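J.: I am attaching a structure below and will ask some questions about it afterwards.
Computed from the coordinates by the stated procedures, all read-outs in this text should not be read as laboratory data. In this text the structure is predicted, and so the values were computed from the model without any measurement. Glycine also receives a Cβ, built like all others from the backbone with ideal geometry; neighbour counts cover every protein chain displayed.
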Amino acid sequence: MLKLIAIAVVVLVAGVLALATTKPDNFRVERSTLIQAPAKRIYPLIKDLQAFGTWSPYEKKDPAMRRTFSGAPSGKGAAYDWEGNSQVGKGHLEITDSVPPARVAMRLDMLEPIEGHNTVLFTLEPQGGSTKVTWAIQGPMPFISKVIGVFVDMDRMVGTDFEAGLSDLKAIAEK
């Protein structure tokens, strides 16, 4: 009986590992919303990391997280370090490029719970009197992330956070 259980466990683990090898080497999660405001009103809420905290869904997941701002006050070179609960982890976010009022690129270095180094990109596209705002994250998928991806739909998990954040950004920008 124990031998059959051991064989079943080995087959299950091998199956998960084999399935993980079929996952892509890179990922991208992206969500967009249409905000009834000009890009010049929305852009400051993204390029200023302290203003970013007024609508970021991650702030709500741990209002008690420790935050440290450094570098430029906003735009390229502005940086933000945080350490929080298991939902937000520990990491560093730095604006690497800022093109007013159309684009903000950031480097996201997650240190905990799982280390990861990704690129975050916000694009603002005028559409009449509105602005289409797109929030995207992309980066490499190390093997451990591929294994986790067998059980967790990262697009849905992160995408849900992005949708909540964009909804809050919309509410603030449309005031």
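J.: Report the full-extension gain for the segment residue 90 to residue 34: residue separation times 0.36 nm, less the Cα-Cα distance, to one decimal in nm.
T.: On the way: separation 56, 0.36 × 56 = 20.16 nm, distance 3.08 nm.
Residue separation times 0.36 nm, minus the Cα-Cα distance, leaves 17.1 nm.
J.: Right, another one. For the peptides 41-47, 117-123, 148-154, what is the packing order when you average, over each peptide's residues, the other Cβ atoms within 10 Å and list the highest mean first?
T.: By packing density, highest mean first, the sequence is 41-47, 117-123, 148-154.
J.: In whole angstrom, how far apart do the alpha carbon centroids of the range 79-134 and the range 1-23 sit?
T.: 37
J.: Please work out the FRET efficiency for the pair residue 111 and residue 3, using the Cβ-Cβ distance as r and a Förster radius of 41 Å; give the result to the nearest 0.05. It would help to have the intermediate numbers written out before the result.
T.: Working: r = 42 Å, r/R0 = 1.03.
Step by step, r from the Cβ atoms, then E = 0.45.
J.: Shifting gears a bit: Work out the length of the dipole vector of the chain about its Cα centre, built from +1 on the beta-carbon of each Lys and Arg and -1 on the beta-carbon of each Asp and Glu, and round it to the nearest 20 debye. Display every interim value, and only then the final one.
T.: Values: 20 positive and 19 negative charges, 43 e Å.
Magnitude of the dipole: close to 200 debye.
J.: Now for a separate question. Mean Kyte-Doolittle hydropathy of 0.5 or higher plus an axial Cα length of 15 Å or more: which whole DSSP H helices in the chain meet both?
T.: Correct list, ordered by number: 2-21.
J.: Right, next: Of the listed values (1) 36, 18, 14; (2) 23, 18, 17; (3) 27, 23, 15, identify the label whose number matches semi-axes √(5λ) of the Cα gyration tensor in Å calculated from this model.
T.: (1)
J.: How many nm is it between the label spots at residue 72 and residue 22, if each spot is 7 Å from the Cα in line with the beta carbon?
T.: Rounded to a tenth, the inter-label distance reads 4.5 nm.
J.: Relative contact order for the chain using alpha-carbon pairs under 8 Å, separation at least 6, rounded to a whole percent?
T.: Working: 318 pairs, mean separation 51.9, N = 175.
Relative contact order comes out at 30 percent.
J.: Moving on to the next point. What does the helix-only formula give at 222 nm for the chain: each DSSP H stretch with n ≥ 4 adding -39500 (n - 2.57), the total divided by the residues, and the result rounded to the nearest 500 deg cm²/dmol? Before the final figure, lay out each step's value.
T.: Numbers: 6 runs with 67 residues, N = 175.
It comes out at -11500 deg cm²/dmol, rounded to the nearest 500.
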